[in-house]
Amino acid sequence: MSITLYQLDGCPYCEKVADRLDELDVEYETVWTEALHSGRDEVKRVSGQRGVPVLVDEERGVTMPESERILEFAEKSYA
């Protein structure tokens with residue numbers, strides 16, 4: 001799968017992104033992250049920061065944090 005979404009369970013920003021990707025019928029893999037920022041080493045490795053959500057689209061060469069940016073990208077790329 002070329003699209004991965006790093007999320008935290010119960011994060012409203014993550015849920016907003018996941019819901020929109022589902023509405024757009026985008027297939028993606030979810031990687032659930034730790035609640036503590038200090039436990040988010042994989043998120044830091046792929047994005048350079050520890051916040052979620054983070055979208056990684058390998059096919060398009062995009063790694064993007066911040067829900068609003070991800071939503072804008074999704075509308076332009078997957079709609």
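Quick notes on this structure:
- Residue-wise HN-Hα coupling along segment 14-21, computed from phi with Karplus coefficients 6.51, -1.76, 1.60 (Hz; x: Gly, Pro): 5, 4, 4, 5, 4, 4, 5, 4
- The chain - percent of accessible surface contributed by carbon and sulfur, probe 1.4 Å: 44 percent
- Across the chain, C-alpha contacts under 8 Å between residues 6 or more apart give a mean separation that, scaled by the residue count, equals a relative contact order of 35 percent.
- For the chain, the solvent-accessible area of protein heavy atoms averages 61 Å² per residue (probe radius 1.4 Å; ligands and nucleic acids excluded).
- In terms of its Cα atoms, the chain spans 35, 25, 20 Å along the principal axes, sorted from long to short.
- Alpha carbon centroid spacing (whole Å) that separates segment 1-25 from segment 36-79: 10 Å
- Looking at the chain alone, DSSP beta bridges between its own residues are antiparallel in about 65 percent of cases.
- The charge dipole of the chain, taken about the Cα centre with unit charges on the Cβ atoms of Lys, Arg (+1) and Asp, Glu (-1), comes to about 420 debye, rounded to the nearest 20.
- Relative packing of peptides 23-30, 11-18, 49-56, 37-44 - highest average C-beta neighbours within 10 Å first: 49-56, 11-18, 37-44, 23-30
The values are calculated or read from the model by the stated rules, or taken from the named source; none is laboratory data. Values in this document were obtained by computation on a predicted structure and should not be read as measured data. Cβ coordinates were reconstructed from backbone atoms using ideal geometry, including for glycine residues, and neighbour counts include every protein chain displayed. These area figures cover heavy atoms from the full protein model, side chains too; ligands, DNA and RNA do not enter into them. Shrake-Rupley method; radii C 1.70, N 1.55, O 1.52, S 1.80 Å.
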